[in-house]
Amino acid sequence: MVTRRAVMGIAAAGMAAGMLPGAAHAAVRRRGDGGPAAEAARVRLPRPTGPHAIGTVTARLVDRSRHDPWVPARRCRELMISVWYPAAPSGGRRARYMAPGAAALWDATAPHGIPRGAIDFGGLETHAVRGAPADRRGGPLPVLVYAAGAGDPRTWGTALVEEMASRGYVVVTVDHTYESPGVEFPDGTVRGNEPLLAAVAEAARNGTMPDLLRKTLGVRVADSRFVLDSLGSLPHGLSRLVDRRRVGMFGQSAGGMAAAQTMFEDRRVRAGVDLDGTLEYNPEPNGTHLSPVARHGLDRPFLLMGRDGSDRGTEPSWRSFWSHSTGWKRNLTLRGSLHQTYTDLAALLPQAGVDGATLEKHLGKVDPARAVAAQRAHVGSFFDRWLKGTDDGLLDAPSQRYPEVDFAG
């Protein structure tokens, strides 16, 4: 079995969910609601704090300029995205957290300490109304691309994504097909991550994990750039709501690495956030296989926000990135946190009926509700500053409101 630590080079442990037995299946077609066990806990995502109601739509994107990098027999690269946006008040139905087929595969992994069947991921409601009319009163809005960790679905940062949409951003979340445990397309087909699992097993046998991690990041960056190309043709007329001159990108784990590297390769991304993602291609980060962005840095604003014990002084790739970056930068640490504290695990695991020892094993010692609030506040402050031109001063010095956040620089 491939261990969590064995894939830290791209995800700082974020690919673990995709490495568990039963995590992936062949493409399937599901009928009915597909929800987990009937006794699953009724859980809720934390309510967004911004002034706007939220809408969301999903869409299939097809990049006909390249074969699929994981299944070359497929002559195009297909992705699923969700778009979250400020909406006019609507009496429509709230969107579900995941499509049923994808939810079933995600639940099968017992993701990051959540027991199988403990949460009905396909029935969990978000705060966004499906297909709600957009609120166009504020004119074109900045747009953010969110990238989840390796082996995680695009929904795994919904609490933070909803917050940003409620604060006046259009946010696009991306599933990387054949890497996420299950990506469900509009016709009901669900594609699992067997191709990536096979590649990981081969790389582990051959000692070529850095090469695989380099390829995985390259695929993610190409996917992200294609999403940027597609901002002019978003569904539901949402392209008219987007200001493509104000683009940011953020992500957790491998998603944070993808945000940094995409920003390095594509100047359309003006500001970025890395939530506890290493910037090197190593199963064990040691500074030897640095990504280009770690070796050269960035000349635009970037925020590093790490788990307890991981900062620019202890993480070699962050240290290199920091020394080579000429743009505005900050390095924050969420005291008492672990890697998955920067995902929806912080919101959902405490509601899943697990004991205190399990909570601490997967989330650390930080209070989960405080962790969610701190992430929302600091990521929101960052993008408000650099994409909206408003500055609340939160990133200038340690804050009494968030004593659990340390400034490393």
Conditions first: (1) modelled with pLDDT of 95 or more; (2) at negative phi. GLY91 passes all but one, so which condition is the exception?
(1)
Across the range 305-356, the tally of residues that are open to solvent by 10 Å² or more (accessible area, probe 1.4 Å), more than 22 Å from GLY157 (Cα to Cα) and not small (Gly, Ala, Ser) stands at 11
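Hey, among the residues in the range 241-297 that are of a type in the set (A, V, I, L, M, F, W, C), part of a strand (DSSP E or B) and open to solvent by less than 10 Å² (accessible area, probe 1.4 Å), which one's nearest to PRO133 (Cα to Cα)? Outline the logic, then answer.
First, the residues of the range 241-297 that are of a type in the set (A, V, I, L, M, F, W, C): 241-242, 247, 249-250, 254, 257-260, 263-264, 269, 271, 273, 275, 279, 290, 293-294.
Subset that is part of a strand (DSSP E or B): 242, 247, 249-250, 269, 271, 273, 275, 290.
When the remaining residues are screened for being open to solvent by less than 10 Å² (accessible area, probe 1.4 Å), the result is 247, 249-250, 269, 271, 273, 275.
Values: VAL247: 22, MET249: 24, PHE250: 25, VAL269: 27, ALA271: 28, VAL273: 29, LEU275: 31 Å.
That would be VAL247.
From the residues in the range 54-87 that are among the small types (Gly, Ala, Ser) and surrounded by fewer than 20 Cβ atoms within 10 Å (Cβ to Cβ), which one is nearest to ARG225 (Cα to Cα)? Let's see the steps before the verdict.
Within the range 54-87, the subset among the small types (Gly, Ala, Ser) is 55, 59, 65, 73, 82, 87.
Filter once more, keeping what is surrounded by fewer than 20 Cβ atoms within 10 Å (Cβ to Cβ): 59, 65, 73.
Numbers: ALA59: 16, SER65: 12, ALA73: 22 Å.
Ranking the candidates gives SER65 first.
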How many residues does the range 177-210 hold that are in contact (Cβ under 8 Å) with a residue 60 or more places away in the chain and either in contact with a strand residue (DSSP E or B) (Cβ under 7 Å, 6 or more places away or on another chain) or among the hydrophobic types (A, V, I, L, M, F, W, C) (or both)?
20
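Which of the residues that make up the range 389-409 are touching a strand residue (DSSP E or B) at 6+ places or on another chain (Cβ under 8 Å) and touching a residue at least 24 places away in the same chain (Cβ under 8 Å)? Step through it out loud before you land on a result.
Filtering the range 389-409 down to residues touching a strand residue (DSSP E or B) at 6+ places or on another chain (Cβ under 8 Å) leaves 395, 397-399, 404-409.
Selection gives LEU395, GLU404, VAL405, ASP406, PHE407, ALA408, GLY409.
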Tell me whether the range 233-240 contains one or more residues that are in contact with a helix residue (DSSP H, G or I) (Cβ under 8 Å, 6 or more places away or on another chain) and more than 26 Å from GLY138 (Cα to Cα).
no
Condition met for ALA104 (surrounded by fewer than 24 Cβ atoms within 10 Å (Cβ to Cβ) and of a type in the set (A, V, I, L, M)):
yes
Being of a type in the set (Ser, Thr, Tyr), in contact with a Leu (Cβ under 8 Å, 6 or more places away or on another chain) and within 26 Å of MET80 (Cα to Cα) narrows it down to one of SER317, SER291, SER224, SER230, so name that one.
SER230
Can you pull out the residues in the range 175-187 that are closer than 30 Å to PRO89 by Cα, open to solvent by less than 30 Å² (accessible area, probe 1.4 Å) and outside any strand (DSSP E or B)?
PHE185
So ARG246, is it at pLDDT 95 or above and over 30 Å from GLY113 (Cβ atoms):
yes
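Name the one entry in ALA165, ALA159, ALA118, ALA150 that is more than 29 Å from GLN261 (Cβ to Cβ) and in contact (Cβ under 8 Å) with a residue 40 or more places away in the chain.
On the way: ALA165 fails: more than 29 Å from GLN261 (Cβ to Cβ); ALA159 fails: more than 29 Å from GLN261 (Cβ to Cβ); ALA150 fails: more than 29 Å from GLN261 (Cβ to Cβ).
When all the criteria are applied, what remains is ALA118.
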Name the pairs whose Cβ atoms lie under 9 Å apart, with the first residue in the range 358-371 and of a type in the set (Gly, Ala, Ser), the second in a strand (DSSP E or B) and surrounded by 13 or more Cβ atoms within 10 Å (Cβ to Cβ), and 6 or more positions between them or separate chains?
GLY364/LEU334; GLY364/SER337; ALA371/LEU334; ALA371/SER337; ALA371/GLY364
Check LEU228, LEU212, LEU217, LEU238 and return the single one that is at pLDDT 95 or above and either crowded, with 24+ Cβ neighbours inside 10 Å or not in a helix (DSSP H, G or I) (or both).
LEU217
Subset of the range 363-387 (residues that are more than 15 Å from ARG167 (Cα to Cα) and surrounded by fewer than 20 Cβ atoms within 10 Å (Cβ to Cβ)):
LYS365, ASP367, ALA369, ARG370
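Considering only residues that are more than 21 Å from MET249 (Cβ to Cβ) and either in contact with a helix residue (DSSP H, G or I) (Cβ under 9 Å, 6 or more places away or on another chain) or outside any loop (DSSP other than H, G, I, E, B) (or both), which ones fall in the range 312-332?
Taking the range 312-332 as the starting set, the residues that turn out to be more than 21 Å from MET249 (Cβ to Cβ) are 313-314, 316, 319, 323.
Listed by number, the residues that qualify are GLY313, PRO316, ARG319, SER323.
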Just to check your reading of the model, which residue among GLY237, GLY251, GLY218 is closer than 18 Å to ARG154 by Cβ and not polar (S, T, N, Q)?
GLY251
Only one of VAL172, VAL161 is of a type in the set (A, V, I, L, M), in contact with a Ser or Thr (Cβ under 7 Å, 6 or more places away or on another chain) and buried (at least 24 other Cβ atoms within 10 Å of the Cβ). Can you tell me which?
VAL161
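The values are calculated or read from the model by the stated rules, or taken from the named source; none is laboratory data. From a predicted model like this one, the values you see are computed outputs, not experimental measurements. With ideal geometry, Cβ positions are generated from the backbone for all residues, glycine too; neighbour counts draw on all protein chains shown. Side chains are part of the model used for accessible areas, which takes the heavy atoms of the whole protein and leaves out ligands, DNA and RNA. Shrake-Rupley method; radii C 1.70, N 1.55, O 1.52, S 1.80 Å.
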